[in-house]
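Engineer: Quick one: structure below, then a few questions.
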Amino acid sequence: MPSLARSRLVRDVLLVFLGAVSMHFVTTLFHPFDDLNPTWTLQSYHHEEIVIDPPPYGEHDNNKKHDNDNPVLDHDNRKGDKPPSPLRTAVTPVDVLTTIPETELVHHAPGWTIFKNLYMSNGTFYVVSDKPRSEFPELLYILSVAIPALNTPENIQARLPTEQQMDFIGTKNALRRWGPVRPGEKNRIWSITGSTWFFNDPLQFLDHYYHFVAELLFGTWAFWTGSFNATIDTKTWTSSAPPIDRAIFANNPPEGIRDKPGFNSYFLRSAFSSLTVESERDWADRIFTTINGDRAYYLDTVLIADRSAAFKGKLCGATSHRIAAEAYEPLWDDGRLQKEWWEPVRREVLRFAGVEERTMDLGIEIERAWEEEKEKAVKALGGNQDALSVQIPIAKEKTVVTYISRQAARRHLIREDHQLLVASLQEMTARKGYELIIIEAEKLSKDEQLGIMSRTTVLVGVHGNGLSHVLWLTPSRYLTVVEIFFPGGFTHDYEWTTRAMRGRHFAIWNDTYHTYPDTPGVAYPEGFQGTSIPVYGPMVAKVIEDRLDGKLP
């Protein structure tokens, strides 16, 4: 009996061995070593991948030096009609367990780029593609070296990107680096699934309410929704844009994105409550785990935002100096942003603050009232719309003028001028039937501030962070920001943002004003940051009155 058992054991071992050899032979015969024509995978599934037509970029030589001219945007196609989407979907076999999908460019503008199937190893992003390099934007319009920005030739040169920030490799090279070591094994790529926002800005700008919310994330949402031609459901106020899974602030510690008043955190957690946030330590961990370069992370869909790269574009670098301009303006001009594109974010924040839905709908009610008044006026003029030389005045009971006083702050008005401004606003609003609210923001909770802003039509204040609240104003044709500067001083911060909200901005220099397109050049004269800023209150009140009467459309 023992000899019979031993013979059966030997037989069983031989059968297992022969089975293993046979399986190895079959796997070797059919395994897709040819990465250019994969025909079979061990664990294949179907994934909807974005495929794009060649984008309307200007022709450029990747070896050629460029000035501030934008080589990658066609700014001539700015018509009111919505162009056909450059995005189309196709079902393509994708399996990052055994294959390495090629990188696809979804959309690009200077400083703003969305990739599908991007890779990171040892801190370097890799575009894996067998397409000509010329089909991708130049590197300096995508990324930069994330050091503090100074306006010197040496610093500008030091921030120019190299292959250490992003490299381009073919599919065979990618397989050699990260492909399966042996047939049938998993490759050495680990997936970061879903959608990622990757912010490459240095610590310098992100601990500030305006730069973080009203510039970076305002531009991010515009570029994200416009790139995917997102539609807005005006019943639920939701966007069809892909949901966001994580935001990576690769060069900032956790406290680096938190401003002193706390509005950055308030916004991020109210607008995107499910968002996973990673800081520089988390990104350093990912780099550390791929430091040898023999493994990589795979990013399914990623938006890369880079401030220095945005300044290489015409709209930001030579015109407004607002990075969001590169993200917003071409998409708006091409009809890829709906009128209500910002409303899902605005309403999510206001809901968090406890604002009622009927208050959020004030803009819709104002527009409806305006249309009714216009119809009456046209009818009274015998149906001749050309006879209406000015806009219809706003419905008075819906109008709130809010003045943010900064008299306790480091930058504020001459005391007597502040008092005259308050008196002038009180007289005008009482006479016209408008509501006037005067606040010191630091004495109110965030919920209280947002509750007031959700009803505000006209926001008045000295140049300062509080004017970032323009993002929460009642969206209507009468949305107005009146910004008081030290005479001769000007910056585009709130001027550009107000226009992006389809409102009207007035820059006040004591007893005169400037408005687009007659805006002054950027300047910071002595006294800009001071405590003796002059203003003539009656003139400010007259500007607001004329604006709401339709005389300053």
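Engineer: Specify the residue that is nearest to Thr276 (Cα to Cα); the eligible residues are those in the stretch 150-205 that are part of a loop (DSSP other than H, G, I, E, B), open to solvent by 80 Å² or more (accessible area, probe 1.4 Å) and modelled with pLDDT of 95 or more. Give the derivation first.
Structural biologist: Step one: filter the stretch 150-205 for residues part of a loop (DSSP other than H, G, I, E, B), giving 150-152, 159-165, 170, 179-188, 200-202.
Then drop every residue that is not open to solvent by 80 Å² or more (accessible area, probe 1.4 Å), which leaves 150-151, 163-164, 181-182, 186.
With modelled with pLDDT of 95 or more added as a condition, the list becomes 163-164.
Details: Glu163: 28, Gln164: 26 Å.
For the stretch 150-205, the residue satisfying everything is Gln164.
Engineer: Step by step: first the residues of the stretch 100-126, then only those that are of a type in the set (Val, Ile, Thr) and crowded, with 22+ Cβ neighbours inside 10 Å, then the one that is modelled with the lowest pLDDT. Which residue is that?
Structural biologist: Filtering the stretch 100-126 for residues of a type in the set (Val, Ile, Thr) gives 100, 103, 106, 113-114, 124.
Add one more test, that the residue is crowded, with 22+ Cβ neighbours inside 10 Å, and what stays is 100, 103, 113-114.
Values: Ile100: 92, Thr103: 97, Thr113: 98, Ile114: 98.
Ranking the candidates gives Ile100 first.
Engineer: Residues that are basic (Lys, Arg) and loosely packed, with under 14 Cβ neighbours inside 10 Å: list the helices (runs of 4 or more DSSP H) wholly contained in the stretch 333-449 that include at least 2 such residues.
Structural biologist: Numbers: elements: 343-352, 357-360, 362-380, 415-432.
Output list reads 362-380, 415-432.
Engineer: Could you grab me the full set of residues in the stretch 226-235 that are in a loop (DSSP other than H, G, I, E, B) and either buried (at least 17 other Cβ atoms within 10 Å of the Cβ) or modelled with pLDDT of 95 or more (or both)? Don't jump to the end; show me each part of the working.
Structural biologist: Step one: filter the stretch 226-235 for residues in a loop (DSSP other than H, G, I, E, B), giving 228-231, 234-235.
Once the filter is applied, which keeps residues that are in a loop (DSSP other than H, G, I, E, B) and either buried (at least 17 other Cβ atoms within 10 Å of the Cβ) or modelled with pLDDT of 95 or more (or both), the stretch 226-235 yields Phe228, Asn229, Ala230, Thr231.
Engineer: For the stretch 510-547, which residues satisfy the criterion of being in contact with a strand residue (DSSP E or B) (Cβ under 7 Å, 6 or more places away or on another chain) and under 30 Å from Glu397 (Cα atoms)?
Structural biologist: Of everything in the stretch 510-547, those that are in contact with a strand residue (DSSP E or B) (Cβ under 7 Å, 6 or more places away or on another chain) and under 30 Å from Glu397 (Cα atoms) turn out to be Asn510, Tyr513, His514, Thr515, Tyr516, Val535, Tyr536, Val540, Val543, Ile544, Arg547.
Engineer: Condition (residue is part of a helix (DSSP H, G or I), more than 17 Å from the chain's Cα centre (by Cα) and at pLDDT 95 or above) applied to the stretch 288-309: is it met by at least one residue? Working first, answer last.
Structural biologist: The first filter runs over the stretch 288-309 and keeps only residues part of a helix (DSSP H, G or I), leaving 288, 307-309.
Of the ones still in play, those that are also more than 17 Å from the chain's Cα centre (by Cα) are 288.
Remaining after also requiring at pLDDT 95 or above: 288.
Yes: one or more hits.
Engineer: Quick one: which residue in Ser308, Ser320 is open to solvent by 10 Å² or more (accessible area, probe 1.4 Å), of a type in the set (Gly, Ala, Ser) and closer than 30 Å to Gly521 by Cβ? Talk me through it step by step, then tell me what you get.
Structural biologist: On the way: Ser320 fails: open to solvent by 10 Å² or more (accessible area, probe 1.4 Å).
Residue meeting the stated conditions: Ser308.
Engineer: Now for a different question. Scan Asp546, Asp518 and give me the residue that is more than 19 Å from His211 (Cβ to Cβ), without any contact (Cβ under 8 Å) to a residue 60 or more places away in the chain, part of a helix (DSSP H, G or I) and not polar (S, T, N, Q).
Structural biologist: Working: Asp518 fails: part of a helix (DSSP H, G or I).
Within the list Asp546, Asp518, the selection yields Asp546.
Engineer: Still on this structure, I have one more. Cβ-Cβ below 8 Å, separation at least six or inter-chain, first residue in the stretch 494-509 and at positive phi, second of a type outside the set (D, E, K, R): which pairs?
Structural biologist: Every condition considered, the pairs that remain are Arg502/Pro475; Arg502/Leu479.
Engineer: Given the conditions (1) within 21 Å of Pro261 (Cα to Cα); (2) free of Cβ contacts under 8 Å to residues at least 40 places away in the same chain, and given that Gly461 satisfies all but one, which numbered condition is not satisfied?
Structural biologist: Tallying (1) within 21 Å of Pro261 (Cα to Cα); (2) free of Cβ contacts under 8 Å to residues at least 40 places away in the same chain, Gly461 fails exactly one: (2).
Engineer: Additional query: Being more than 19 Å from Gly527 (Cβ to Cβ), in a loop (DSSP other than H, G, I, E, B) and open to solvent by less than 10 Å² (accessible area, probe 1.4 Å) is the filter here; which residues of the stretch 463-497 pass it?
Structural biologist: Answer for the stretch 463-497, where residues must be more than 19 Å from Gly527 (Cβ to Cβ), in a loop (DSSP other than H, G, I, E, B) and open to solvent by less than 10 Å² (accessible area, probe 1.4 Å): Leu473, Thr474, Tyr478, Leu479.
The values are calculated or read from the model by the stated rules, or taken from the named source; none is laboratory data. Just so you know, these numbers come straight off a predicted model, no measurement behind them. Neighbour counts run over all protein chains shown; Cβ positions are idealised from the backbone, glycine included. The protein model used for the area step is the full one, side chains on, heavy atoms only, and it has no ligands, DNA or RNA in it. Shrake-Rupley method; radii C 1.70, N 1.55, O 1.52, S 1.80 Å.
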